[in-house]
Amino acid sequence: MSEPSAGRPEDYCARLREGWAVIADLMVFSVNPLGPQEQLETVLDYLQRLPWLKTRRRGAILLRNSRGVLVMVARAGMTEERAAWCERAAIDRCGCGQVAKSGAMAWRVCEGDLEREAVTTAGDGESTHFILPLADDGRIFGVVPVFIEPGHVPSAAEEAFMQDLARVLSGIMARRMMEEVIQVREMELEEKQAEVIRKLGAASEYRDSETGMHVMRMSHYAGAIAKAMGRSVEDRERLVMAAPMHDVGKIGVPDAVLLKPGKLSEEEFESMKLHARIGAELLDGDDVLMRAAREIAHTHHEKWNGTGYPAGLKGEEIPLDGRICSVADVFDALTSNRPYKRAWTVEDAVRHIRDEAGRSFDPGVVEAFEAALPEILRIRELYRDEIIDPRNGLTLPPVPEVPDAWMPWDDSIRIGIDVIDEHHRYLFDLTNDLHRAIHQRRGSREVGRVLRALERYTVIHFREEERMMERYGYSDFDRHVRLHQAFRGRIAEFWSDFRAAPLTIGFEMVYYLRDWLVQHIRREDSRMHELLG
Ligand SMILES: [Fe+2]
Ligand SMILES: [Fe+2]
Ligand SMILES: [Fe+2]
């Protein structure tokens, strides 16, 4: 280390001032909710204002995940090779790992055997860098390597400045991580609430329902219609969450009426009609979701021409969510088997809905329903009630390919059981969504939401696959079920890693998901072909 002064005392004071101006600007700037990448780039840019420090626009942020591994969550100016080498540093290994253990800032040239290997294989010359520890309350949660000009030996003053910078960055990053954790917790709460809603909805629909698939289908149909109407993502999410409660008032309808196999008498029908009112009374919460659910429960049997119940509202007096749910609900009711009737064909049900535009239904909603039909028919297959017959063929309208999908679907991965292939394709879609959410840095809330959706659908898919195997006598059933269980266990692990340190979860997870899915489908699911005889 060279002498502390930078020549004359006035120069030294000037540098101190410049250094503190940079730190002050960083603190001010950090009130913006920056992701790690933006944060790193801002730091490196600001440091360029201090030419005497000789930092290069090169560095990284590594954070500890819940298992203590340092994961690179941002990098700048590093070659691919170098980054790949440093991507996952074990605690205690190489400079970064040692700082993550000791908590003491280091200035060093990569010089251990390990690091020499990194430098030579990465081929990016000498790697002189400061390694700043990130610590919160004595707990070291990451490191920030910042590279400086080769050959430059920092003065004690420069080192002191970097120590200050490390403290400031620790504060900024600790707050950022806390905010991400809070986002995930909020999302979890919403998801739990939605889960209760779905279960309650399913219970009220069938009383003894095992699968509760009607409310899944109906709420996703409603979401697809809302999408075709160009409604915002938030509006659609709220609708999909609230719709499952539309029939919660059926709790107040006697079994003799609800499950009657045959036409209802006038008196029975009056008692059935009460469910809209009872539902609205039950759902008396004050938050946005409960308000939406109440509105849907109350208005999903109103008709566009004013002949519906309970209030006989007409046209746009009926809230839009209610008008959408009414089409979604009727379509699913018509195309499902019920105690008192056989399912209609899709063509007949679509014709009926088209004929009722302007009478029962809002013509605008019917138009959107027709536009959304390819997606609706797909949802219908993804959430079936009955056990899948492996010979059951599908003719779905083509779903538009997502351009530039990270994990594109191709027909070579089909196993020849149409419904299962459709399930698999949907799992591909969800994995692509997850990749997109991570890649585009949409934030922990969005990543968590997609991860949950993927987890939920995996449960449904495995259950349906297993029900089919059991019913049709698959020879390797027990082992297959164990493979499914192991995968679910792995997802649960990802989830707990994610909860503990949301910023450190990312590509490792999507690569794992992709590889597992592709391999499992090709090696294991493809053997279900035996069920076709
Ligand atoms: Fe209803
Ligand atoms: Fe599968
Ligand atoms: Fe499987």
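It is to be established whether one or more residues within the range 219-226 are over 21 Å from the mean Cα position of the chain (by Cα), assigned to a helix (DSSP H, G or I) and surrounded by fewer than 22 Cβ atoms within 10 Å (Cβ to Cβ). Within the range 219-226, none of the residues are over 21 Å from the mean Cα position of the chain (by Cα), assigned to a helix (DSSP H, G or I) and surrounded by fewer than 22 Cβ atoms within 10 Å (Cβ to Cβ).
Residues are listed down the side, and each one gets a yes or a no for (1) farther than 30 Å from Val71 by Cα; (2) among the basic types (Lys, Arg):
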site: Asp478; (1), (2): yes, no
site: Phe487; (1), (2): no, no
site: Thr504; (1), (2): no, no
site: Phe507; (1), (2): no, no
site: Leu517; (1), (2): no, no
site: Arg523; (1), (2): yes, yes
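The set of residues in the range 484-498 that are surrounded by 15 or more Cβ atoms within 10 Å (Cβ to Cβ) and modelled with pLDDT of 90 or more comprises His484, Phe487, Ile491, Phe494, Trp495, Phe498. Consider the range 453-475 and keep the residues that are more than 18 Å from the chain's Cα centre (by Cα) and closer than 20 Å to Lys199 by Cβ. The one that is nearest to ligand 2 (Cβ to nearest atom) is Phe462. Filtering Ser444, Ser412 for residues that are more than 15 Å from ligand 3 (Cβ to nearest atom), hydroxyl-bearing (Ser, Thr, Tyr) and surrounded by 16 or more Cβ atoms within 10 Å (Cβ to Cβ) leaves a single hit, Ser444. Candidates Glu446, Glu508, Glu455, Glu493: the one that is farther than 22 Å from Met72 by Cα and not hydrophobic (A, V, I, L, M, F, W, C) is Glu455.
Evaluation of Met528 against the conditions (1) under 19 Å from Met187 (Cα atoms); (2) within 13 Å of ligand 2 (Cβ to nearest atom) shows that the sole unmet condition is (1).
Only one of Ala256, Ala226 is of a type outside the set (D, E, K, R) and either within 15 Å of ligand 1 (Cβ to nearest atom) or within 17 Å of Pro319 (Cβ to Cβ) (or both). Can you tell me which? Sole residue among the options that is of a type outside the set (D, E, K, R) and either within 15 Å of ligand 1 (Cβ to nearest atom) or within 17 Å of Pro319 (Cβ to Cβ) (or both): Ala226. All of Val447, Val459, Val510 fail the test of being among the β-branched types (Val, Ile, Thr), over 17 Å from Tyr426 (Cβ atoms) and out of contact with any strand residue (DSSP E or B) (no Cβ under 9 Å at 6 or more places or on another chain), apart from Val447.
Being farther than 20 Å from Val240 by Cβ, touching an Asp or Glu at 6+ places or on another chain (Cβ under 8 Å) and part of a loop (DSSP other than H, G, I, E, B) is the requirement here; does Ala343 meet it? For Ala343, the condition - farther than 20 Å from Val240 by Cβ, touching an Asp or Glu at 6+ places or on another chain (Cβ under 8 Å) and part of a loop (DSSP other than H, G, I, E, B) - is not met. For the range 278-289, the set of residues classified as under 27 Å from the mean Cα position of the chain (by Cα) and either under 9 Å from Met245 (Cβ atoms) or in contact (Cβ under 8 Å) with a residue 24 or more places away in the chain (or both) consists of Val288, Leu289, listed by residue number. Within the range 224-280, the set of residues being farther than 25 Å from Glu191 by Cβ and hydroxyl-bearing (Ser, Thr, Tyr) comprises Ser265, Ser271. In the set (1) over 20 Å from Ala293 (Cα atoms); (2) at pLDDT 85 or above, the condition left unmet by Ala222 is number (1).
The values are calculated or read from the model by the stated rules, or taken from the named source; none is laboratory data. Note that the structure is predicted; figures quoted are calculated from it, not measured. Note that we place each Cβ from the backbone using ideal geometry, even for glycine, and neighbour counts take in every protein chain shown.
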